[in-house]
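**Q** The following block contains the structure, expressed as structure tokens.
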Amino acid sequence: MIVFEGFESVMINSMWLLDPPIQYMLPELGRRGYTVTGMMPQIPIPQPIFPFPPNVIAFKAYTRVLYDPGRRVLGVEGISEDDVYRSFIELEEVLRSVGGDLQRGTIFYEFISRGRARGCRLQIGDIEISSPESLKLSILPLVIIKRDSSPLDRDWIYLEIRPIWTSWGSEQIYYEIFTVYRGGRDEVLKFLKHSRTFVAEIMKTASDRFCSK
């Protein structure tokens, strides 16, 4: 069995049709106790989950507000789901106070997380090839997506399970789990509250079916 141990990083993003009013948001974030900065704060959060620039515009305690102008993505990242939820609601309040139209201005919302798990060895199957020499190979973990959907859709689920290779020869295998849930605002915020259960259930189902004996 594989046990989901929790999240290392959680993010809620909103993608905008036009640039949100960042220059007017920053003073209001400062008044609400955020440190407004163009520098990466020295707080114990891993590097951003996916390879786009961090673009930290403000932070408070263990959450930080990010804006990627190239993608027009505004979001909140942290360690705790509750902290990220509270900061995101506060960010929306700031946006409304400076004239941001969340209902008409956003394209979609995303939950993105990186988590960790440990347990049995996930091994989907074995194959053999004969060229250029006889080799026995294993098919290993594991990408899970929403059926009949595409990463180009506004409604998308993606979960990837990656072994931590330094543990592969051990009895206890460690895994990184990357999750994306994309949809409307209310759907994504609801998913945030249930995200641990979602990932834990997938890991249990995957281990029941694919753990090598």
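The values are calculated or read from the model by the stated rules, or taken from the named source; none is laboratory data. Just so it is clear, the model here is predicted, and its values are computed rather than measured. With ideal geometry, Cβ positions are generated from the backbone for all residues, glycine too; neighbour counts draw on all protein chains shown.
**Q** Take the residues in the range 160-180 that are of a type outside the set (Phe, Trp, Tyr) and assigned to a helix (DSSP H, G or I); name whichever of them is surrounded by the fewest Cβ atoms within 10 Å (Cβ to Cβ).
**A** Filtering the range 160-180 for residues that are of a type outside the set (Phe, Trp, Tyr) and assigned to a helix (DSSP H, G or I), the one surrounded by the fewest Cβ atoms within 10 Å (Cβ to Cβ) comes out as THR166.
**Q** Say we look at the range 181-208 and pick out the residues that are in a helix (DSSP H, G or I) and basic (Lys, Arg); which of these is farthest from ILE144 (Cα to Cα)?
**A** The qualifying residue farthest from ILE144 (Cα to Cα) is ARG185.
**Q** Follow-up question, since we're still on this one. Just to verify a result, which residue in the range 47-89, among those that are surrounded by fewer than 19 Cβ atoms within 10 Å (Cβ to Cβ) and acidic (Asp, Glu), is modelled with the lowest pLDDT?
**A** Result: ASP68.
**Q** Kindly provide the set of residues from the range 98-111 that are surrounded by 14 or more Cβ atoms within 10 Å (Cβ to Cβ) and among the polar types (S, T, N, Q), ordered by number.
**A** THR106
**Q** Right, next: For the range 121-134, check the following and say yes or no: at least one residue is of a type outside the set (D, E, K, R) and within 20 Å of PHE88 (Cβ to Cβ).
**A** The answer is no, given that none of the residues of the range 121-134 is of a type outside the set (D, E, K, R) and within 20 Å of PHE88 (Cβ to Cβ).
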